[in-house]
Amino acid sequence: MRVLNYLELEGQLERSGIGTAAAQQRAALATTDVTVVTSPWTGGSPVGALDGLLRGRGAVRDYDVAHCNVIGPGSVAVARHAKRTGRPLVLHAHVTAEDFAESFRGSTHLAGPLRRYLRWFYSQADLVLCPSAYTKRTLESYPVDAPIRPITNGVDTESLAGFADLREEYRERFDLDGLVVFSVGNVFERKGLTTFCRLAEDTDYEFAWFGPYDTGPQASETVRRWTTNPPANVTFTGWVDDKRGAFAAGDVYCFPTKAENQGIAVLEAMACGKPVVLRDIPVFEEFYTHGHDCLKCSTHEEFRDALDSLAADPDLRRRLGENARETASEHSLSRVGEKLVDAYAEVTSD
């Protein structure tokens with residue numbers, strides 16, 4: 001089977017969760033018998049497609065199943081080609097209106113129109129894949145008129161191998177000392193930025209957020225305010241070349257996000273055996289258990305008490321970290337590959 005696994009704007013999305021998810025799909029499929037092509041265009045680009053068209057080879061590569069990861073015009077074009085030529089179409093719902101809000105400047109106001117667009121876009125699919133049962137329920141509420149199947153994004157443990165060896169280097173690079181409360185990923189208010197910084201103001205621990213943040217006109221006022229004038233014990237590192245250094249330098253992963261479809265960085269922190277503190281939101285109910293592989297919190301006081309408990313109890317940190325590592329193992333890429341192959345088999349057998 002030849003699958004087109006398409007990530008529109010791949011260069012720009014490389015540092016995003018969507019980019020990571022698509023890369024993990026491809027790594028997962030490499031463990032199977034599926035052949036993957038990553039560009040729909042003959043020659044690998046629209047220019048190559050034009051040349052192929054002029055030479056009579058056609059503009060679009062041959063494929064058996066189209067699997068698109070983004071919602072833009074390139075993906076719409078692939079979807080139309082698949083429907084026009086009778087090929088199965090799989091759309092991966094990494095984006096919802098709920099997790100788009102509180103990301104960029106103006107994103108909350110665009111969430112309503114985006115929901116209507118997503119309902120139309122995802123309804124074209126023969127099968128919609130999404131990272132969680134929570135996302136499935138969200139899409140059904142729009143409502144999306146297509147079958148929807150949850151498949152974990154998984155975690156690429158090989159990409160984290162040797163992370164512990166980078167601890168001293170990254171702590172020295174960012175002047176971190178003692179117990180470090182940390183987060184990894186793009187800096188958005190939706191991911192709990194204000195809660196993260198308020199916790200820092202209310203405690204004496206070092207806080208570090210490893211990940212890029214916008215400073216231009218697209219940046220939200222909240223992101224600009226906190227990153228320009230952070231609390232004295234908060235470090236915003238910006239983009240780091242090796243994510244392993246972030247997971248090595250930090251001690252307690254704190255993720256007070258308001259909305260997620262799954263949260264790949266949580267699984268990465270767990271795969272590294274880090275104790276994890278999460279906001280108690282519906283998506284995490286299906287994956288994690290409070291007191292077993294994480295601590296879940298709803299209020300500022302609960303977050304602060306969780307951090308204090310972990311700081312004072314090394315055995316609690318160790319136990320949560322060990323259980324978290326076991327939880328992450330349930331999201332291996334080999335399992336993701338098997339589930340993707342099952343999904344492709346379903347749409348090609350209809």
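The values are calculated or read from the model by the stated rules, or taken from the named source; none is laboratory data. These numbers were taken from a predicted model, which means no experiment stands behind them. Here Cβ is always computed from backbone atoms with ideal geometry, including for glycine, and neighbour counts include all displayed protein chains. In case anyone asks, the SASA skips ligands and DNA or RNA and just uses the protein heavy atoms, side chains included. Shrake-Rupley method; radii C 1.70, N 1.55, O 1.52, S 1.80 Å.
Which one of 133, 164, 349 has its Cα pushed farthest toward the positive end of the charge dipole of the chain, where Lys and Arg give +1 and Asp and Glu give -1 at the Cβ? Farthest along the dipole direction, towards plus: 349. Of the listed residues 32, 289, 135, the order by accessible area with a 1.4 Å probe, largest first, is 289, 32, 135.
In this calculation the C-beta distance from residue 335 to residue 201 is compared with R0 = 41 Å, giving a FRET efficiency of 0.50.
Stretching the chain fully between residue 35 and residue 228 yields a gain of 64.8 nm (0.36 nm per residue, less the alpha carbon separation). Remark: segment 165-174, residue by residue, has Karplus-estimated 3J(HN,Hα) of 5, 9, 4, 4, 4, 7, 5, 5, 4, 10 Hz, where x stands for each Gly or Pro and the curve is 6.51 cos²θ - 1.76 cosθ + 1.60 at θ = phi - 60°. For the chain, a crude dipole built from +1 on the beta carbon of Lys and Arg and -1 on the beta carbon of Asp and Glu, taken about the Cα centre, is about 1540 debye to the nearest 20. Of all segments of the chain bounded by GluC sites (Glu not before Pro) found in a DSSP loop with no more than 15 other C-beta atoms within 10 Å, the longest spans 15-285. Computed from backbone phi with θ = phi - 60° and the Karplus coefficients 6.51, -1.76 and 1.60, the 3J(HN,Hα) list for segment 146-156 is 6, x, 10, 10, x, 9, 4, 5, x, 9, 8 Hz; x is used for glycine and proline.
Once the 1.4 Å probe is applied to the protein heavy atoms, the chain comes out at 44 Å² accessible per residue. For residue 219, the residues whose amide H sits under 5 Å from its own are 105, ignoring neighbours fewer than 5 places away on the same chain, with H placed 1.01 Å from N. Toward the positive end of the charge dipole of the chain, about the Cα centre and with charges on Cβ (Lys, Arg +1; Asp, Glu -1), which of 329, 70, 180 goes farthest? Farthest towards the positive pole: 70.
Taking amide H as placed 1.01 Å from N in the peptide plane, residue 37 has its amide H under 5 Å from the amide H of 3, 4, 5, each at least 5 places away in sequence or on another chain.
Surface composition of the chain: carbon plus sulfur atoms contribute 48% of the solvent-accessible area (1.4 Å probe, protein chains only, all chains present).
Spin-label pair residue 215-residue 175: with each label point 7 Å from Cα along the Cα-Cβ axis, the two points sit 1.7 nm from one another. In this structure, the pairs whose alpha-carbon distance is over 19 Å, taken from 274/296; 191/339; 258/296; 243/274, are 191/339. Only beta bridges with both residues in the chain are counted; by DSSP, about 5 percent of them are antiparallel.
Shown in residue order for segment 226-241 are the 3J(HN,Hα) couplings computed by the Karplus curve 6.51 cos²θ - 1.76 cosθ + 1.60 at θ = phi - 60°: 6, 6, 7, 9, x, x, 4, 9, 10, 10, 9, 7, x, 5, 10, 5 Hz (x for Gly and Pro).
Between residue 119 and residue 348, the FRET efficiency from the beta-carbon distance, with R0 = 30 Å, is close to 0.75. Residues 198, 26, sorted by accessible area with the largest first, give 198, 26 [1.4 Å probe; ligands and nucleic acids excluded].
Proximity of backbone amide H atoms, modeled 1.01 Å from N, is registered between residue 272 and no other residue at under 5 Å, excluding neighbours fewer than 5 places apart on the same chain. Put simply, when 212-218, 274-280 are sorted by average Cβ atoms within 10 angstrom per residue, most first, you get 274-280, 212-218.
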